[in-house]
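All remarks here apply to the structure that follows.
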Amino acid sequence: MPVSFARMVDGTADDYALLDRQETAYAAGTADRVLDQLRLLDEGVSGYQISRLGHSLQTATRAHRVGADIDMVVTALLHDIGDVLALHNHGEVAAAILAPFVRDECVWIARHHGVFQMAYYAHHLGGDPDARAR
């Protein structure tokens, strides 16, 4: 059942209560949708020796093994989740997905992890390997 309005300004309390119920129900499926996107990392960029999913699982496992808290382990697991839709700014996408669920430090790490890994390869592509210093 849709709302009665075409313009948000014309919405009634009942309309917005309906939307709230629908959005709350939809939000309950967030974890399943995130896992679906994570699985898609198995099909993405193929030039590496392991898939992006394998890389994400390794990263989360390493974080867990050194005693990282749950926020950091989840961030490690999902740091590349944005690759599926936004390869060139995937860190920003991952940060936006994580923001409601993990602490700010973890969101920052997800958002900026690409600039830190550039230390390994930027010089091969004409980039600045020291960009992380900024």
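Would you confirm, using the coordinates I've provided, whether Ser51 is within 30 Å of Leu87 (Cα to Cα), surrounded by 11 or more Cβ atoms within 10 Å (Cβ to Cβ), hydroxyl-bearing (Ser, Thr, Tyr) and free of Cβ contacts under 8 Å to residues at least 60 places away in the same chain?
On the way: within 30 Å of Leu87 (Cα to Cα): yes; surrounded by 11 or more Cβ atoms within 10 Å (Cβ to Cβ): yes; hydroxyl-bearing (Ser, Thr, Tyr): yes; free of Cβ contacts under 8 Å to residues at least 60 places away in the same chain: yes.
So Ser51 fits the description; yes.
Condition check ((1) within 11 Å of the chain's Cα centre (by Cα); (2) over 26 Å from Asp130 (Cα atoms); (3) not hydroxyl-bearing (Ser, Thr, Tyr)) across all residues:
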| site | (1), (2), (3) |
| --- | --- |
| Pro2 | no, yes, yes |
| Ala27 | no, yes, yes |
| Val45 | no, no, yes |
| Thr59 | no, no, no |
| Gly82 | yes, no, yes |
| Val93 | yes, no, yes |
| Arg103 | no, yes, yes |
| Gln117 | no, no, yes |
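Across the stretch 61-95, the qualifying residues are those that are among the small types (Gly, Ala, Ser) and within 17 Å of Asp36 (Cβ to Cβ), and the one among them that is surrounded by the fewest Cβ atoms within 10 Å (Cβ to Cβ) is Ala86.
Among the residues of the stretch 18-41, just one is farther than 22 Å from Ala96 by Cβ and surrounded by 11 or more Cβ atoms within 10 Å (Cβ to Cβ), namely Leu18. Beta carbons closer than 9 Å, at least 6 apart along the sequence or on distinct chains, pair a first residue in the stretch 89-102 that is more than 11 Å from His79 (Cβ to Cβ) with a second that is outside any helix (DSSP H, G or I) for Glu92/Ala86.
Would you check which residues across the stretch 4-25 are hydroxyl-bearing (Ser, Thr, Tyr) and under 28 Å from the mean Cα position of the chain (by Cα) and list them? Thr24, the sole residue that qualifies. Among the conditions (1) free of Cβ contacts under 8 Å to residues at least 12 places away in the same chain; (2) in contact with an Asp or Glu (Cβ under 8 Å, 6 or more places away or on another chain); (3) under 19 Å from Leu41 (Cα atoms), the only one that Gln117 does not satisfy is (2). All conditions in (1) surrounded by fewer than 15 Cβ atoms within 10 Å (Cβ to Cβ); (2) at pLDDT 95 or above; (3) acidic (Asp, Glu) hold for Asp130, with the sole exception of (2). What about Val45, is it surrounded by 13 or more Cβ atoms within 10 Å (Cβ to Cβ) and either aromatic (Phe, Trp, Tyr) or touching a residue at least 12 places away in the same chain (Cβ under 8 Å) (or both)? For Val45, the condition - surrounded by 13 or more Cβ atoms within 10 Å (Cβ to Cβ) and either aromatic (Phe, Trp, Tyr) or touching a residue at least 12 places away in the same chain (Cβ under 8 Å) (or both) - is not met.
The values are calculated or read from the model by the stated rules, or taken from the named source; none is laboratory data. Bear in mind that the values here come from a model prediction, so they are computed numbers and not experimental data. Glycine gets a Cβ as well: all are built from the backbone with ideal geometry, and neighbour counts include every protein chain shown.
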